[in-house]
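Some notes on the structure that comes next.
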Amino acid sequence: MTRLPEGKVAMVTGAGSGIGRASALAFAKNGAKVVVNDIVAEGAEETVEMIKAAGGEAILVKADVTQAIEVENLINKTVEIYGQLDYAHNNAGIDGEPAPLADCTIENWDRTIGINLRGVFLCMKYEIPQMVKQGNGAIVNTASIAGLIGTANMPAYNAAKHGVVGLTRTAALEYAATGIRINAVCPGATRTALLDSVMVVMPELLETLESSHPVGRIAEPEEIANTVVWLCSDEASFVTGHPMVVDGGYSVQ
Ligand code: NAP
C-alpha cells in the first residue's frame, strides 16, 4: 500500500459519492486528515462517518465548486482547521445530458463546463497560493479518458475533460519549480452513481462498457482512488503534468 508521510492534510471535492468518496477513504487509510467536500451534505456526512468509523480524521466542508467564494472558503476552512493543505483531489463532476453537438443545449453546455472545468480552475486558483506558501503540495484533477480521445454524444463533457488535461499540464509547468506537483487521473468507465445515472436511460450500457474494456470489466472507484493517492505520494516525486490513464486498456485499442 502507498504510505503517505505522517500529519498530512488532503481535500477531496465531490467526496460524497463514487470516486471522490473512495479517494477520501484512501487518503484517510494512508493516515491523512481529510476535508470532505460536496455540494450537498448528505453523502459527504456519510463519507466523514465512514472515515471516523475506520479510525481516521475528517471534517465536512460543503461548497459548490462553480462558486469562487465557496471554493475560497473551502480552502480557508481547511487551513483554519488543519493548518495546511498538502494534497488536493479536484474531482467533482457530472456527465451532462447525452446528445450530439447540435442537440446539446446551451444550458447543458454551461452547466457541464461550469462544474467539470471552471470548478477545477477555481479549486486550483485557491489551492495553489496556499501550497506555494508552504513550499509543497500535490494536486490531482479528475479528467477522464474523454479528456484524451473523442467520445460521441458528450460534447460538453469531452471538451471539459480535454480542458482539465490542458489546465493540468499548464499549471504543472507554471508551478513545477515551487515544489508543487499537478497531475490528472483519466479513468475509464467506473462503477459509480454517475455511471448509474447514464444506465437508467441506456440499460444495455454496462455490458457494452465491460466488453469494450480489454480487461473485460469496468473499474471499481477504489482502483482510481489508489492511483490518486500514489500520484500525491512521495513515490511519484518526479511525476508532474501527467494525465495518468486508468482504463483497463480501453484507450490503447
Ligand atoms: P458521482 O458518484 O456522481 O460523484 C460526483 C460527486 O460530485 C457527487 O457527490 C456530486 O454531488 C458532486 N458534485 C456535483 N456537482 C458538484 C459541485 N458543483 N460542487 C461540489 N460537488 C459536486 O460521480 P463519479 O463517477 O464518482 O465522478 C467523479 C469524477 O470522475 C467526475 O469528475 C467524473 O467526470 C469523473 N469520471 C467518472 C467516470 C465514471 O465512469 N464514473 C469515468 C471517468 C471520469 P451530487 O450527486 O449531489 O450531484
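Does any residue of the range 44-53 turn out to be touching a strand residue (DSSP E or B) at 6+ places or on another chain (Cβ under 8 Å) and away from the ligand (no atom under 15 Å from the Cβ)? Within the range 44-53, one or more residues are touching a strand residue (DSSP E or B) at 6+ places or on another chain (Cβ under 8 Å) and away from the ligand (no atom under 15 Å from the Cβ).
It is to be established whether one or more residues within the range 46-60 are of a type outside the set (A, V, I, L, M), crowded, with 19+ Cβ neighbours inside 10 Å, under 22 Å from residue 185 (Cβ atoms) and modelled with pLDDT of 95 or more. Yes, the range 46-60 has at least one match.
For beta carbons closer than 6 Å, sequence separation of 6+ or different chains, a first residue in the range 231-243 that is among the polar types (S, T, N, Q) and a second that is surrounded by fewer than 19 Cβ atoms within 10 Å (Cβ to Cβ), the qualifying pairs are 233/2; 240/176. So, residue 21, is that one closer than 30 Å to residue 237 by Cβ, of a type outside the set (A, V, I, L, M) and part of a helix (DSSP H, G or I) or not? Yes: the conditions hold for residue 21.
Every residue, every condition in (1) among the basic types (Lys, Arg); (2) more than 10 Å from the ligand (Cβ to nearest atom), yes or no:
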residue	(1), (2)
13	no, no
21	yes, no
27	no, yes
30	no, yes
33	yes, yes
38	no, no
59	no, yes
66	no, no
69	no, yes
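If you filter the range 188-202 down to residues that are out of contact with any Asp or Glu (no Cβ under 9 Å at 6 or more places or on another chain) and β-branched (Val, Ile, Thr), you find that the one that is farthest from the ligand (Cβ to nearest atom) is 201. Scanning the range 80-133 for residues that are more than 15 Å from the chain's Cα centre (by Cα), surrounded by fewer than 22 Cβ atoms within 10 Å (Cβ to Cβ) and among the acidic types (Asp, Glu) yields 80, 97, 103, 107, 110.
The set of residues from the range 75-100 being within 20 Å of residue 135 (Cα to Cα) and near the ligand (Cβ under 10 Å from one of its atoms) comprises 89, 90.
The values are calculated or read from the model by the stated rules, or taken from the named source; none is laboratory data. Predicted model, so just to flag it, every value in this text is computed and none were measured. Cβ coordinates were reconstructed from backbone atoms using ideal geometry, including for glycine residues, and neighbour counts include every protein chain displayed.
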